[in-house]
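Engineer: First the structure, which I've put down as structure tokens, then a few questions once you've had a look.
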Amino acid sequence: MAKIQRLKTLIVLIMTTISVSGCMRETNDRLGGMDENTQLVAKQTELMNNQMELLNRELELLAKEIQILNSNTGRMASQLEGYQDFIRVLTEEFQKISKTAQNLDALSQQVLLLIGKSLEEKVPPGKTPDLDDLLGAPQVADDKTGKTKGE
Amino acid sequence: MKSIIILIALLAGQARAADVSISNNRCVLYNADTVHKRIVDYDSYKDLDDGIVFDLNLNANANGLIKIPAIDMVKSQSRFETVPGRNTLAKVLVTLQPMNVSDGSVYPRFVMQCQSTWVSDTSFNHQCDILPQYPTYGLVGFSSRLSVIEKPGSCANGSHLDYSLLLRSESSHITAIKGAVTQELKKKFAILPANVLRGAVDRLFDEETFFKSYYTEFYNRWLSSLR
């Protein structure tokens, strides 16, 4: 009876051992999976780090460009100021030119008037061919060839 | 490419001739015979335009008004090929002095053949056309038409006149005339540069306007001479 009891105990022990062994294997398997996840997370972290590094570089470059842009904007602002002065001078010059053109136009009107008035004077006509010169001497007596005006 | 276009435009501009056309319809108090006697009295044409001036208002006030005798007919000579009577045929020389120029070589002149044909006792047609076989200057085309018909009913015992004139100037000759005017102005205004004078002449002398106003006024003077 004691042997049977001992055998039962042994069987229970063996079963327990088998069961524990299974759990251990399962635990090991799970631990292995966790390792893979941990590795993935590590890789992702590394990639993120790389990207952050790239982003930082980009930001540095951007900062430099903004700095250049700032200096350009400053230069452009000063150039614009210069242009404004130039345009002011140009406007003044145009006003002077416009006034000169008006004076010139008035002067040209006077010159034109003077020239026009001089054309009003009657000038005796110059020599031009007569009809007889063009047609030849008349052959009939009914020629009515006239004279030049003023003759 | 641009220069070719400019060249073509210049050539086209040089070849351009000014066309002038005038037309008029009206009644006059005279019979067809009286009108006919006046229209074939070509030798007196040159006296009709005395005092015709071209009003040029330069600056829209009285001081700027110039009265240029733009064109003066200095010769109108005729040779009849038929005895002047009812139907007539004649060659007529017309010579015009432009802008008081003394150089006769640049005067517009042309010989035309003028013909009048009586359609009935109270109606005739008269036409003049330039004869290109004779030397012409200034004008390359001149064509006038006059139809006269007595209309006792509608024209108060007078006649109805239907008149039209078409003339075409020769642009190269017009340029030469302007050059002659400039030369003569140069004698009076030696101080002014030639291009300024030429610019003034170009501004003053517009052949199309001058010919049109001259021949319109000439026709009015001829109408006034009917009696």
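The values are calculated or read from the model by the stated rules, or taken from the named source; none is laboratory data. Values in this document were obtained by computation on a predicted structure and should not be read as measured data. Positions of Cβ are backbone-derived with ideal geometry, glycine not excepted, and every protein chain shown enters the neighbour counts. Surface areas here come from the heavy atoms of the whole protein model, side chains and all, with no ligands, DNA or RNA. Shrake-Rupley method; radii C 1.70, N 1.55, O 1.52, S 1.80 Å.
Engineer: Just the residues that are within 28 Å of B:G153 (Cα to Cα), open to solvent by less than 10 Å² (accessible area, probe 1.4 Å) and polar (S, T, N, Q), please, taken from region B:89-127.
Structural biologist: B:S116
Engineer: Do we find that A:S108 is in a helix (DSSP H, G or I) and closer than 30 Å to B:L197 by Cβ in this structure? Talk me through it step by step, then tell me what you get.
Structural biologist: Values: in a helix (DSSP H, G or I): yes; closer than 30 Å to B:L197 by Cβ: yes.
The answer is yes for A:S108.
Engineer: So for region B:35-49 (the condition being in a loop (DSSP other than H, G, I, E, B), under 27 Å from B:K178 (Cβ atoms), in contact with a Lys or Arg (Cβ under 7 Å, 6 or more places away or on another chain) and at the interface with chain A (Cβ under 10 Å from one of its Cβ atoms)), does at least one residue qualify?
Structural biologist: Step one: of region B:35-49, the residues in a loop (DSSP other than H, G, I, E, B) are B:40-41, B:49.
Among the residues that remain, those that are also under 27 Å from B:K178 (Cβ atoms) are: B:49.
Right, trim to in contact with a Lys or Arg (Cβ under 7 Å, 6 or more places away or on another chain) and you get B:49.
Of the ones still in play, those that are also at the interface with chain A (Cβ under 10 Å from one of its Cβ atoms) are B:49.
Yes: region B:35-49 contains one or more residues that are in a loop (DSSP other than H, G, I, E, B), under 27 Å from B:K178 (Cβ atoms), in contact with a Lys or Arg (Cβ under 7 Å, 6 or more places away or on another chain) and at the interface with chain A (Cβ under 10 Å from one of its Cβ atoms).
Engineer: In the set A:L47, A:L112, A:L135, which member is touching a Phe, Trp or Tyr at 6+ places or on another chain (Cβ under 8 Å) and either more than 30 Å from B:V106 (Cα to Cα) or not β-branched (V, I, T) (or both)? It would help to see each step written out before you state the result.
Structural biologist: Details: A:L47 fails: touching a Phe, Trp or Tyr at 6+ places or on another chain (Cβ under 8 Å); A:L112 fails: touching a Phe, Trp or Tyr at 6+ places or on another chain (Cβ under 8 Å).
It is A:L135.
A quick yes/no check of all residues on (1) open to solvent by 100 Å² or more (accessible area, probe 1.4 Å); (2) at pLDDT below 90; (3) at the interface with another protein chain (Cβ under 8 Å from one of its Cβ atoms):
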position	(1), (2), (3)
A:N49	no, no, no
A:M52	yes, no, no
A:N56	no, no, no
A:K64	yes, no, no
A:A77	no, no, no
A:I115	no, yes, yes
A:G126	no, no, yes
A:L134	no, no, yes
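Engineer: Please go through region B:137-181 and give me each residue that is surrounded by fewer than 19 Cβ atoms within 10 Å (Cβ to Cβ), farther than 20 Å from B:R227 by Cα and β-branched (V, I, T), ordered by number.
Structural biologist: Answer for region B:137-181, where residues must be surrounded by fewer than 19 Cβ atoms within 10 Å (Cβ to Cβ), farther than 20 Å from B:R227 by Cα and β-branched (V, I, T): B:V140, B:T175.
Engineer: Looking at region A:18-32, which of its residues are of a type in the set (S, T, N, Q) and open to solvent by less than 90 Å² (accessible area, probe 1.4 Å)? Working first, answer last.
Structural biologist: Narrowing region A:18-32 to residues of a type in the set (S, T, N, Q): A:19, A:21, A:27-28.
Listed by number, the residues that qualify are A:S19, A:S21, A:T27.
Engineer: Considering (1) within 30 Å of B:L29 (Cα to Cα); (2) modelled with pLDDT of 90 or more, say which one B:S169 fails and leave the rest.
Structural biologist: In the conditions (1) within 30 Å of B:L29 (Cα to Cα); (2) modelled with pLDDT of 90 or more, B:S169 misses (1) alone.
Residue-wise test of (1) at pLDDT 90 or above; (2) open to solvent by 80 Å² or more (accessible area, probe 1.4 Å).
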position: A:L13; (1), (2): no, yes
position: A:M34; (1), (2): no, yes
position: A:E46; (1), (2): yes, yes
position: A:I68; (1), (2): yes, yes
position: A:F86; (1), (2): yes, yes
position: A:Q95; (1), (2): yes, yes
position: A:K99; (1), (2): yes, yes
position: A:V111; (1), (2): no, no
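Engineer: Same structure again: Give the residues of region B:129-141 that are modelled with pLDDT of 95 or more and among the hydrophobic types (A, V, I, L, M, F, W, C), sorted by residue number.
Structural biologist: B:I130, B:L131
Engineer: Please verify whether region B:204-224 includes one or more residues that are touching a Leu at 6+ places or on another chain (Cβ under 7 Å), over 27 Å from B:L146 (Cβ atoms) and without any contact (Cβ under 8 Å) to a residue 24 or more places away in the chain. Reasoning before the result, please.
Structural biologist: Of the residues in region B:204-224, the ones touching a Leu at 6+ places or on another chain (Cβ under 7 Å) are B:204, B:211, B:215, B:218, B:221-222.
Those still in the list that are over 27 Å from B:L146 (Cβ atoms) too: B:204.
Pick out the ones that are also without any contact (Cβ under 8 Å) to a residue 24 or more places away in the chain and you get none.
Scanning region B:204-224 turns up no residue that is touching a Leu at 6+ places or on another chain (Cβ under 7 Å), over 27 Å from B:L146 (Cβ atoms) and without any contact (Cβ under 8 Å) to a residue 24 or more places away in the chain.
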